[in-house]
1. Which condition does residue 89 not pass, out of (1) without any contact (Cβ under 8 Å) to a residue 12 or more places away in the chain; (2) near ligand 2 (Cβ under 8 Å from one of its atoms), if it passes all the others?
2. For residues in the range 70-91 being open to solvent by 70 Å² or more (accessible area, probe 1.4 Å) and under 16 Å from residue 36 (Cα atoms), which is farthest from the chain's Cα centre (by Cα)?
3. Say we look at the range 51-69 and pick out the residues that are open to solvent by less than 40 Å² (accessible area, probe 1.4 Å) and at pLDDT 95 or above; which of these is farthest from ligand 1 (Cβ to nearest atom)?
4. Which one is least open to solvent (accessible area, probe 1.4 Å), of the residues in the range 1-50 that are part of a loop (DSSP other than H, G, I, E, B) and charged (D, E, K, R)?
5. Within the range 51-80, track down each residue that is more than 8 Å from ligand 2 (Cβ to nearest atom) and not in a loop (DSSP other than H, G, I, E, B).
Amino acid sequence: MIKRVFSNLFGSPATRLYPFTRREPFAGSRGQLKNDIAKCIFCGQCQRRCPADAIVVGKKPDKSWAFDRYRCIVCGYCVEVCPVKCLSMDPKHGD
Ligand code: SF4
Ligand code: SF4
């Protein structure tokens, strides 16, 4: 018990001073979906492939791309099928 008390008093903290100190994402982490909308051609491939119905693509005349991050299961299928590679998985969260 005494050993534990002293190790907690004088050891390094078990937590980080977030948001000033941020942990790097783990290798292989998929993180969150990002779309470089300037490159998007609104083809709808990502919407058709998404198993969670998290993407809605509006075609002509009002081209739009909407994504519900609370439905997304972070599978990455949309990134694979995007013909212009404007979709990507950002391993960092909260940025
Ligand atoms: S697959 Fe890519 S180019 Fe096509 S609508 Fe989705 S994000 Fe845009
Ligand atoms: S990562 Fe998967 S679940 Fe999320 S939007 Fe893309 S296809 Fe849908």
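The values are calculated or read from the model by the stated rules, or taken from the named source; none is laboratory data. Keep in mind that this is a model prediction, so the values were computed, not measured. Because the Cβ atoms are built from the backbone with ideal geometry, glycine has one as well, and the counts that use them run over all protein chains shown. Quick note on the areas: whole protein, heavy atoms, side chains included, nothing else; ligands and nucleic acids left out. Shrake-Rupley method; radii C 1.70, N 1.55, O 1.52, S 1.80 Å.
1. (1)
2. 83
3. My answer is 52.
4. Checking each candidate, the answer is 36.
5. 56, 57, 58, 64, 65, 66, 80
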